1. Filter the stretch 346-376 down to the residues that are in contact with a Phe, Trp or Tyr (Cβ under 6 Å, 6 or more places away or on another chain) and in a helix (DSSP H, G or I), then identify the one that is farthest from Gly489 (Cα to Cα).
2. With the condition kept exactly as written, say whether any residue in the stretch 501-519 is of a type in the set (Ser, Thr, Tyr), touching a residue at least 40 places away in the same chain (Cβ under 8 Å) and either surrounded by fewer than 23 Cβ atoms within 10 Å (Cβ to Cβ) or not in a helix (DSSP H, G or I) (or both).
3. In the stretch 236-255, what count of residues is obtained for those that are closer than 24 Å to Ile211 by Cβ and either aliphatic (A, V, I, L, M) or surrounded by fewer than 12 Cβ atoms within 10 Å (Cβ to Cβ) (or both)?
4. Inside the stretch 108-127, can you point out the residues that are in a helix (DSSP H, G or I) and touching a residue at least 60 places away in the same chain (Cβ under 8 Å)?
5. What's the number of the condition Thr533 fails, among (1) touching a residue at least 12 places away in the same chain (Cβ under 8 Å); (2) buried (at least 17 other Cβ atoms within 10 Å of the Cβ)?
6. Report, by residue number, each residue of the stretch 117-140 that is over 30 Å from Leu195 (Cα atoms) and either among the acidic types (Asp, Glu) or surrounded by 18 or more Cβ atoms within 10 Å (Cβ to Cβ) (or both).
7. Hey, could you check the stretch 92-107 for residues that are over 23 Å from the mean Cα position of the chain (by Cα) and touching a residue at least 24 places away in the same chain (Cβ under 8 Å) and say which is nearest to Ser58 (Cα to Cα)?
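The values are calculated or read from the model by the stated rules, or taken from the named source; none is laboratory data. These figures come from a predicted structure and were not determined experimentally. Note that we place each Cβ from the backbone using ideal geometry, even for glycine, and neighbour counts take in every protein chain shown.
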Amino acid sequence: MNNIKTIIFLYLFVIGLVGCKEDQKKIEAINATPTQSLEEHSKKLNDWFEAQFQEEVSESPMRQTYLGMKTEDYGKWDDMSSKKDAENLSRAKKRLSYLKDSVDTSQLDKATLLSYTLMKQRLENEIEDFKYRFYNYPVNQMHGIQAEIPAFLINMHRISNKSDAEAYISRLDGMDELFAQVISNIKIREKNGVLPPKFVFTKVLNDCKNIIKGKPFDTSKNESTLLADFKSKIAKLDFSEEEQKELVANAEKALLEGVKPAFDSLITLLNGQQQRATTEDGCWKFPKGTAFYNNALKRTTTTDMTAEEIHQLGLKEVERIHNEMKAIMKQVAFDGTLQDFFTFMKEDKQFYFSNTKEGKEEYLGEAVKLIDSMKSRLDELFITKPKADIIVKAVEPFREKSAGKAFYQRGTPDGSRPGTYYANLYDMEAMPRYQMEALAYHEGIPGHHMQISIAQELQGIPKFRKFGGYTAYTEGWGLYNELLPKEIGFYSDPYSDFGRLAMELWRACRLVVDTGIHAKKWTREEGIKYYTTNTPNAESDVIKMVERHIVMPSQATAYKIGMNKILELRENAKKELQDQFDIREFHDVVLTNGAVPLNVLEELVKDWIASKNAKEISAVDTSTSK
């Protein structure tokens, strides 16, 4: 019996040895396989980024159109249901899990590591912010769906052939279903205690009624906004008279059966909510509204600044800019107080274009000249410049009454649609001559157009970075570029330089008023009073701004905080590099990584300074050795 046990033991021992040898061979084989290079690891992750981007684009017909793509979805709208929000959350969690569990960051090159960091942060924020998804107003006077959807069709949906025209009609027809999703989400918000203040409703109801006014909605001689747009687009193409008639008839049918029911349903909802709305303006009125606002500030500024710190910074900046304005008063020999000077700038006719068709055309023409003049000086300030062109347009009549003062709309990456600087010429008293330069530089060149177009044209970075955005970076760059032209001789007219300061003052006041309304429970009227006391802006301008604060909590704080950070980083670089500092290189560092959070921008600038210093030391060492 013992012999049998011994034999069995020896047999198992031998088998074990063979197994160990086989395992060892496997281990040796694995070790003998060359490890993936940094380049291969980075490519794998960048391929993953691309796949995620394409997945998002494939699910968004509207985003495809914004990107200049015409696919089989050209006639469809996005899914804006709450079910889609839940699906997006689930996807974000899966993506974050992949990044954390499957990516070895030590095996990534520098550029891909930055992309990893940005994507990981974006996903973490998306997951954390899901609880606040119903804390905004889908219908508001600044960017509500009632104005954005018609503007999308007018400005984004290009018609080059019959298929494109049919896709436009399909979108008209599908508007009822789209609005039904939005209406459902608005009802969820009200149930959760999120309802716009009373003043919003008059404005958005007016927008809604403007869209369903004119043919084919009524018997007036004028065509409705969307019908006029459709007919204008197909008239430029080589359709037979019969084809044109058929397309127009189908468009009119879709307007009556898709667009009118959509807006009628929205108007009914808004009329009801208007009766229930209050005059409480700040988001402190929401359940957990203070936590929401603090989170919004964090996302907007990409800093950890508190509402109180932002408020105090605003007060300090207002005082500084007032003092610089007083210096200009002396320069132009104005006798009186700063408030007297504000009144003079508001009321003197020399500073305003006429509120006529001719006056508005003159404004647009002057804006084009300003941008063209700045284009001729770009080589002094920039290495990388955008290939995309820019045009200047007035905000369309159907939304000009409620839209903001000025804004930029990005062009397509392939250049088929240029970037657009929109000027709101509804109230010419809100668009004084002395602010023209600053506005054109901010929205156009070298502001948003350069920053956004360069990002879209970058090579070697994932598309989510090309088309992504951080408000403090984007708007900080815009405001920084109101100042930059002064440093090369622009704003030669002291009144125009006052206008630049007035624009910066406007953004400094935003820090005070935004936090005042949402953290200190200021009323709409208190916000209006602060602006009218401290700025030279028209009352209509002031009212729009305060109402913007109310419906877009935190957004307006981005400008001054972003500008201050860019100036701080530039001054630090000048101090560190001294004679080695080149403003063109500094701007390249800021622009050629796409939009980034301010803390990441700071690290990029520090790396650039370190690399410049290292080169200088290396050059000295080489010279010494010779």
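1. Gly359
2. no
3. The number of residues fulfilling the criteria is 8.
4. Ala111, Thr112, Leu114, Ser115, Tyr116, Thr117, Leu118, Met119, Gln121, Arg122, Asn125 - these are the residues of the stretch 108-127 that are in a helix (DSSP H, G or I) and touching a residue at least 60 places away in the same chain (Cβ under 8 Å).
5. (2)
6. The answer is Leu118, Met119.
7. So, considering only residues that are over 23 Å from the mean Cα position of the chain (by Cα) and touching a residue at least 24 places away in the same chain (Cβ under 8 Å), the one nearest to Ser58 (Cα to Cα) is Arg95.
Yes/no per residue for (1) over 28 Å from Met552 (Cβ atoms); (2) among the β-branched types (Val, Ile, Thr); (3) in the same structural domain as Thr515 (by TED's automatic domain parsing):
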| residue | (1), (2), (3) |
| --- | --- |
| Thr306 | no, yes, yes |
| His311 | no, no, yes |
| Val318 | no, yes, yes |
| Ile321 | no, yes, yes |
| Thr337 | yes, yes, yes |
| Glu347 | yes, no, yes |
| Gly359 | yes, no, yes |
| Glu362 | yes, no, yes |
